[in-house]
Amino acid sequence: MKSFIYLFLFLGYTNIAYGQLAIIKDVDGYTNVRELPNIDSKIIYKLTESEVFIFELPEENKDSNWIPVFISKNKYSLGNSKNLNSLEGFIHKSRLQPIEELPDYNGNNFFFKYKLESFNDKNKICDYKDNFLMQINGRNIYGTDGNIPKIEVKGIDIKYKSVLVEVPKVFYEDIFECSNNFKVIKNKEDFILYQWNSDGAGGYLIAWVIGDNSIKQRLVFIP
């Protein structure tokens with residue numbers, strides 16, 4: 001866990017104003033996302049419990065009751081773009097719960113572990129452009145900056161309250177340079193895991209939300 005904390009501080013500090021994860025805290029179970037930072041602005045989305053999103057802190061010494069948020073338009077961060085395809089809006093600061101402020105989960109009702117191996121390009125279709133690796137098997141990849149990955153994920157073992165959760169390959173065949181150092185929190189009946197993987201220009205943040213014996217969300221963010 002210490003190695004993750006050091007990695008998180010190193011990478012997270014450089015993005016302290018942008019790229020932090022949060023969930024909502026609202027007795028109603030949802031929070032309205034406004035188009036503009038005021039109560040009369042149009043509602044463009046409703047964030048629900050355990051839905052992970054990116055938020056931006058207000059400028060230093062700026063008194064603001066409204067927090068800019070960036071919500072992934074794709075629940076599992078799948079698609080053709082490596083950048084976060086997001087909906088931008090505002091929520092009231094009283095409804096914001098930064099994940100890093102929540103305590104670690106140390107119980108026995110949740111288990112998550114990547115099956116990691118050295119990268120092997122056998123039977124993989126690797127597309128290059130100007131000697132930079134762009135895609136593997138037709139998908140953009142996370143964790144590299146045009147170089148060949150060192151570590152690939154061959155599977156993920158997840159147990160939710162002692163029940164095995166099936167993880168289709170589509171959820172892990174595009175993420176590389178992963179490790180099994182991460183933080184886990186519990187929000188009601190959902191478990192949220194997040195970590196920074198790789199480093200430098202290839203660094204990315206990934207969060208998983210597991211609940212009801214299934215993967216409810218996978219958020220991938222490149223700062």
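The amide H of Phe119, built 1.01 Å from its N in the peptide plane, has Ile151, Glu152 as neighbours under 5 Å, considering only residues 5 or more places off or on other chains. Using a probe of 1.4 angstrom and keeping all protein chains present, the accessible surface of the chain works out to 55 square angstrom per residue. Around Ile23, which amide H atoms from residues at least 5 apart in sequence, or from another chain, sit under 5 Å from its own amide H, with H modelled in the peptide plane? For Ile23, whose amide H was placed from the backbone, the distant partners under 5 Å are Gln97, Ile99. What residue among Gly146, Asn180, Leu133 has its Cα farthest toward the positive end of the dipole of segment 93-223, where the charges are +1 on Lys, Arg and -1 on Asp, Glu, each on the Cβ? In segment 93-223, that residue is Asn180. Database remark: amide H of Gln195 closer than 5 angstrom to the amide H of Ile206 (H placed geometrically; neighbours at sequence offset of 5 or more, or on other chains; Pro and chain starts carry no H).
Relative to the longest principal axis of the Cα atoms of the chain, helix 2-13 runs at roughly 60 degrees. In terms of its Cα atoms, segment 42-141 spans 53, 41, 27 Å along the principal axes, sorted from long to short. Our coupling estimate for segment 186-199, obtained by passing each phi through the Karplus curve with A = 6.51, B = -1.76, C = 1.60 and θ = phi - 60°, is 10, 10, 6, 9, 9, 10, 10, 10, 8, 6, 9, 10, 6, 7 Hz, Gly and Pro reported as x. Rolling a 1.4 angstrom probe over segment 93-223 with all protein chains present gives an accessible area of which 45% lies on carbon and sulfur atoms. In whole Hz and in residue order, list the ³J(HN,Hα) couplings for segment 160-170 that follow from phi through the Karplus curve 6.51 cos²θ - 1.76 cosθ + 1.60, θ = phi - 60°; x for Gly and Pro. Per-residue couplings from phi come out as 10, 6, 6, 9, 5, 9, 6, 10, x, 4, 4 Hz. Using the Karplus relation 6.51 cos²θ - 1.76 cosθ + 1.60 with θ = phi - 60°, the per-residue 3J(HN,Hα) values for segment 206-223 come to 10, 10, 10, 10, 10, x, 6, 6, 8, 7, 8, 6, 10, 10, 10, 9, 9, x Hz, with x marking Gly and Pro. Working from Cα pairs under 8 Å separated by at least six residues, relative contact order for segment 33-170 is 19 percent. Work out the P(r) tail for the chain: percent of alpha carbon pairs separated by more than 22 Å, whole number. Cα-Cα pairs of the chain separated by over 22 Å account for 53 percent.
The values are calculated or read from the model by the stated rules, or taken from the named source; none is laboratory data. If you're wondering where the values come from, they're calculated on a predicted model, not measured in any experiment. Every residue, glycine among them, receives a Cβ derived from its backbone with ideal geometry; neighbour counts consider all protein chains shown. To get the accessible areas, we keep the full protein, side chains included, count just its heavy atoms, and leave off ligands, DNA and RNA. Shrake-Rupley method; radii C 1.70, N 1.55, O 1.52, S 1.80 Å.
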